[in-house]
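K.L.:
Structure provided below as structure tokens; questions to follow.
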Amino acid sequence: MKKIVVSTGAGMSAESGLSTFRDAGGLWDKYPVMEVASAEGFARNPALIHQFYNERRRELMKVEPNQGHKLLVELEKDYDVQIITQNVDNLHERAGSSKVLHLHGELMKIRSMRRDDRIYDLTPDNLETSTETLDKYGDHVRPHIVFFNEDVPNITRAIELAGEADIFVVIGTSLNVYPAASLLHFVKAGTPIYYIDPHPAHVEVPNLTVIAKKATEGVAELLGILSVRG
Ligand code: OAD
């Protein structure tokens, strides 16, 4: 089976009703990004960050995967599909995608502030955390999110996966945030690249096909190009 690696950003979940970050009216218009999503912001005001991610989780519980997420699951009938997402939502998993690698962490997880390897799942009826929340060892917890100015541990695996792709697809990202934005440069020479986004960023890579459409429509078009029954 040929391998398709799909790199997704906030635009993938926009039609589910989750705001993107950098579009007009996006999250970074409403919240000061360096206060709610940076290592320094967390050190300065952890309560604000807990509150910000509590809100994001409550919002996530109200939305559903969209047709774009679902069509990516259909692609698994004919291809080995690996999703690499910058999104911290769980909409790919809830749609049924079997291989999802999160680059920027996961909203529905928290971790110990003393031991990075102690990671815990939150559940829909227990999704709030605060500066008082302790894990079973008595340690404080933080959102399992990669803040700005923190390392991106899964990037090494993501780069390997990009290099294994027979087809590489980018969906709904402004390609502003590195290292995630660099993934399309790690494909093997000759690999076809498709970029689905209604307002695509300017990229110069060989074998690029831009599909300037929203995710739902763009993924449907991609399935047509790849002759997958949708
Ligand atoms: P951005 O908000 O920067 O970009 C969203 C992209 O989605 C833009 O290119 C839009 O044109 C596109 N878009 C909007 N609606 C769409 C739709 N219906 N279908 C497809 N595309 C659509 O979001 P990201 O590139 O994902 O990190 O941002 C990257 C990272 O920056 C995020 O992971 C987040 C943020 O800071 C963290 O919080 C760690």
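K.L.:
Report, ordered by the first and then the second residue, all pairs with beta carbons closer than 8 Å, sequence separation of six or more or different chains, a first member in region 154-167 that is at pLDDT 95 or above, and a second member that is open to solvent by 60 Å² or more (accessible area, probe 1.4 Å) and not in a helix (DSSP H, G or I).
P.N.:
Every condition considered, the pairs that remain are G163/K188; A165/K188; D166/K2; I167/K2.
Table: residues versus (1) among the hydrophobic types (A, V, I, L, M, F, W, C); (2) near the ligand (Cβ under 10 Å from one of its atoms); (3) touching a Gly at 6+ places or on another chain (Cβ under 7 Å).
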residue: I4; (1), (2), (3): yes, no, no
residue: G11; (1), (2), (3): no, yes, yes
residue: A14; (1), (2), (3): yes, yes, yes
residue: G17; (1), (2), (3): no, no, no
residue: M34; (1), (2), (3): yes, no, yes
residue: H50; (1), (2), (3): no, no, no
residue: Q67; (1), (2), (3): no, no, no
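Residues checked against (1) more than 30 Å from A39 (Cα to Cα); (2) within 16 Å of the ligand (Cβ to nearest atom):
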{"residue": "D117", "(1), (2)": "no, no"}
{"residue": "P143", "(1), (2)": "no, yes"}
{"residue": "E160", "(1), (2)": "no, no"}
{"residue": "N176", "(1), (2)": "no, yes"}
{"residue": "S182", "(1), (2)": "no, yes"}
{"residue": "V210", "(1), (2)": "yes, yes"}
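K.L.:
Between a first residue in region 108-133 that is over 15 Å from D89 (Cα atoms) and a second residue that is surrounded by 14 or more Cβ atoms within 10 Å (Cβ to Cβ) and polar (S, T, N, Q), which pairs have beta carbons less than 6 Å apart while being 6 or more apart in sequence or on different chains?
P.N.:
Between residues of region 108-133 that are over 15 Å from D89 (Cα atoms) and residues that are surrounded by 14 or more Cβ atoms within 10 Å (Cβ to Cβ) and polar (S, T, N, Q), the close pairs are R118/S112; E128/N54.
K.L.:
For region 26-47, which positions are surrounded by 15 or more Cβ atoms within 10 Å (Cβ to Cβ), of a type in the set (A, V, I, L, M) and within 17 Å of T129 (Cα to Cα)?
P.N.:
Those that are surrounded by 15 or more Cβ atoms within 10 Å (Cβ to Cβ), of a type in the set (A, V, I, L, M) and within 17 Å of T129 (Cα to Cα): V36, A37.
Results for (1) open to solvent by 20 Å² or more (accessible area, probe 1.4 Å); (2) assigned to a strand (DSSP E or B); (3) closer than 26 Å to G17 by Cα; (4) aliphatic (A, V, I, L, M), shown as yes or no for each residue.
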site	(1), (2), (3), (4)
R94	yes, no, yes, no
K109	yes, yes, yes, no
R114	yes, no, no, no
E132	yes, no, no, no
P153	yes, no, no, no
V177	yes, no, yes, yes
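K.L.:
Return the residues of region 21-52 that are at pLDDT 95 or above and part of a loop (DSSP other than H, G, I, E, B); say none if nothing qualifies.
P.N.:
Residue satisfying the conditions is N45 alone.
K.L.:
Would you check which residues across region 1-17 are closer than 18 Å to V170 by Cβ and open to solvent by less than 50 Å² (accessible area, probe 1.4 Å) and list them?
P.N.:
K3, I4, V5, V6, S7, T8, G9, A10, G11, M12, S13, A14
The values are calculated or read from the model by the stated rules, or taken from the named source; none is laboratory data. What you see is a predicted model, and the numbers here were worked out from it, not measured in a lab. As a convention, Cβ positions derive from the backbone with ideal geometry for all residues, glycine included, and neighbour counts pool all protein chains shown. For accessibility, only protein heavy atoms count, side chains too; no ligands or nucleic acids. Shrake-Rupley method; radii C 1.70, N 1.55, O 1.52, S 1.80 Å.
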